[in-house]
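Let me begin by presenting the structure, written as structure tokens, before commenting on it.
The values are calculated or read from the model by the stated rules, or taken from the named source; none is laboratory data. These numbers were taken from a predicted model, which means no experiment stands behind them. Ideal geometry is used to build each Cβ from the backbone, glycine not excepted, and the neighbour counts take in all protein chains shown.
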Amino acid sequence: NSDNGDKASLSLTFQFLQERGKSIQVLQSSLWIYAHSSQDPHRTSRLLARVFLSAIGEASGSNRTLVIEKMLEIQESNWHTFPITRTLQAFLDGGEHQLQLEVSCEEDGKNLRSLDASGDSPNQPFMVAQVRLRDNPSKHLIRKRSLRCGEHVTVCCKKDFYIKFKDIQWDEWIIAPEGYHMNYCMGQCPQHLSGSPGIASSFHTTVFSQLKVNGINTAAASCCIPTERRPLSM
């Protein structure tokens, strides 16, 4: 916060991490700010708020660009939203990692301490964004390669693995083929996918369990879930 009318009353910094080789399209994004109602009955119930894009490392109030300004109704303490879709899109397209925004509320040339940004407050400002991966032909091959496990892949990826049916004692009832590339997934798994129904009864998971029964180590557990499989003729 600042008492100087030329400086922002609130400075916010957001950290972003993007997977290598992926281009993100921002469908919608908003900044949410909580403003307290006026305790002064003589003060206006409307407040002009401005959101600025600020350069990282610059002093508050300097080298900034106006993103949006909005009149806030402050008869009661409440949340207020500021659409920043284009600003966030330009930021992500630039490949930066830290987005710094400044919010200024002024009345008669003076900043008002109406914005709540205290660290222990439940009313801390936050950003909401709805995004999707761009279908960029120039980056299509990179995105396909990133599905395989590698040095820079930390989310769910495909690990190549060939299994012989003889190794799990299935060669007596499966004559051909001798084996197949079963592969498996490894890496971080979103919690909402970890309990998907039907996975436990799949042929793929049954083979994986047989590997464990026969003491065959695949070097990793199947911790995330395949989204596509191909049929195997036997």
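Looking at the stretch 165-177 only, could you name the residues that are surrounded by fewer than 11 Cβ atoms within 10 Å (Cβ to Cβ) and more than 20 Å from R229 (Cβ to Cβ)?
Within the stretch 165-177, the first condition is being surrounded by fewer than 11 Cβ atoms within 10 Å (Cβ to Cβ), and the residues that meet it are 172-173, 175-176.
Matches in the stretch 165-177: E172, W173, I175.
Residue check: is H42 modelled with pLDDT of 85 or more and not hydrophobic (A, V, I, L, M, F, W, C)?
no
Can you name the residue in the stretch 128-164 that is hydroxyl-bearing (S, T, Y) and surrounded by fewer than 13 Cβ atoms within 10 Å (Cβ to Cβ) and, of all such residues, is modelled with the lowest pLDDT?
First pass over the stretch 128-164, keeping only residues hydroxyl-bearing (S, T, Y): 138, 146, 154, 162.
Then keep just the ones that are surrounded by fewer than 13 Cβ atoms within 10 Å (Cβ to Cβ); that gives 138, 154, 162.
Details: S138: 52, T154: 58, Y162: 86.
Applying the filter and picking the extreme gives S138.
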